[in-house]
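Every number here is computed from the coordinates shown, using simple stated rules; none is lab data. Since we're looking at a predicted model, the values are computed, not measured. Note: ideal-geometry Cβ built from the backbone for every residue, glycine included; neighbour counts use all protein chains shown.
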């Protein structure tokens, strides 16, 4: 890979022209900001809706917050000289600060009295944080405090003014991602990474895609209407650093490359045919000093099945070979763009009383910029992080510039940086400003989080994360994870052959995937109309799934044992890539099989139902006040809606594994405590696959779910201690084929 030398990364001359320059600026125009951001007064507020300068007005300017280290925490020192009546007055004048509080998630209607004061709780250490509250004095008189939380703000030094150590060294967030300030920071992070990060250099592959977009500028255009950037499609480009774009399509792509226009595009691609997200990515590519960009809609011939398969097969090489990935986190579709000013996150100017450097008891008054703290969920729910195709793009990249709700975040294998605002150590995902931590959580360059986790647990984590995301085209289920499967095969030991989303190595463990019971994902569990994988593969269904995970599987602490044998497994491929789509497949298992009766409740989102062994009756298990059914059994039916409500459904269950520890950590802790007292629960638990027969094919089944079971070993069976479920009755060992 040809890396950009630390001293040779261009500084993009021509991008930092002032908006009032005599030279014409065609779109995309890069905003120019200085480190000094003058506060914006209320009479200027309507002049430019895209102005992100900190807000101040006659109401905000009255606020003085005492942040002295020796100040007392009490009603006097905590007050800011505002009452509810003052807040109402500020709202009438459209004060941005109190309007934001009024719209905030924590605001409770202030009705307890116009004289009630507003006060603050302060964090007198870096980063300095202020929480605004409304105090109800009537409740205070009764001896308890009930406060309505208005908002939480982080304080920063005002750029250009004398800094104070309380507010830390970091500048406030840059809310203009399309600015020379933002690009200069990004270039600095890239130069530092290229020169000093051994992990990043080792992870970055030497690979050039079949096609790239070449991005150059027209510095002195005679025609003001001509685009500032000139873009063309280059085939078989020479070795050079290139960027990739990770983004949401959101539908068919305007200006996509086809057999008809690929020749024209090799000469010039008119910007007016491209969606805004791609234009923004071209702008960023040039802004950070790079010449080449890879975008799937333009670098793959979209009406050529052969070209698409060739390029998708190389996706892991394309992203690992990229010098940089641009992640358009905030864009729901390619039409949205991601470089717009973050107007809604503009800060506020406060007066703050801080400790005096010369020891004056009254301290001194400084101005500070207060920025609202974004919640982690604001970033976790960004459109990019909900799409299945983009999962592998973030995992396989070496360096990422991610554009979220607040602005730009840079991350690589060894560092994390923001475009101003609070920064976060690489070793943690938690931050005072949750939006930062969430960006790092969703973007894991080099798949660092799973680097030390062995197979098959690591694959279970990948399946859970990947299936939590949405696919527009269900047939892409295996294609959209193919690149990360290729990388997984290269880096993990003992994986063996890839079979429709599972690996032959420890395949029995992987067969125990199940619907995620507590998932927040909106995707409904359903079986697609078109075949795309065998029923024993999670790829056969839509929904959020997880594989039964426990570290004890690897370290032996839970006595995990396989209870059946995998005799054979194979798939029939659609094409020639073993990691790609399949059109058929089966597995042959030998193990203990018992017939069960399952009944669907028909209640709620998690309709798991209940059941018992065939031969028993429902009345054997109905107890007053308890859920009916054998309480040793836990049901994880894949798609409950497939089955009628309150009907006895006969299924077979083949035992796959047994283990000794309880399923959840709370139970595990209780068992450990019991053991310390000298007892020994000797409880065995197990997992099996639920099957229903395929009509007309003897001993052939399709999977419809999994089942957990438990019980005690023979010597410990007694009152309220039922035997392990598979040991009871007549579980026969037999061979079954699952398709």
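Values for this structure:
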| quantity | calculated |
| --- | --- |
| Residues 99, 179, sorted so that the one with the fewest Cβ neighbours within 10 Å comes first | 99, 179 |
| Label-point gap, in nm, between residue 356 and residue 308 - each point 7 angstrom along Cα→Cβ | 7.3 nm |
| R0 of 35 Å, Cβ-Cβ distance residue 261-residue 475: FRET efficiency to nearest 0.05 | 0.85 |
| Computed FRET value (nearest 0.05) for residue 530 with residue 89, which takes r as the C-beta separation and R₀ as 56 Å | 0.35 |
| Projected label distance in nm at residue 62 and residue 603, using a 7 Å step from Cα toward the beta-carbon | 5.5 nm |
| Rounded FRET efficiency, nearest 0.05, which uses the C-beta distance separating residue 232 from residue 695 and R0 of 45 Å | 0.20 |
| Theoretical gain in end-to-end length, residue 588 to residue 206 [0.36 nm per residue, Cα-Cα removed] | 133.4 nm |
| Ascending count of other beta-carbon atoms within 10 Å, so fewest first, for 536, 503 | 503, 536 |
| Label-point separation, residue 721 to residue 332 (7 Å along Cα→Cβ), nm | 5.9 nm |
| Alpha-carbon centroid distance for the pair the range 304-320 / the range 245-278, whole angstrom | 17 Å |
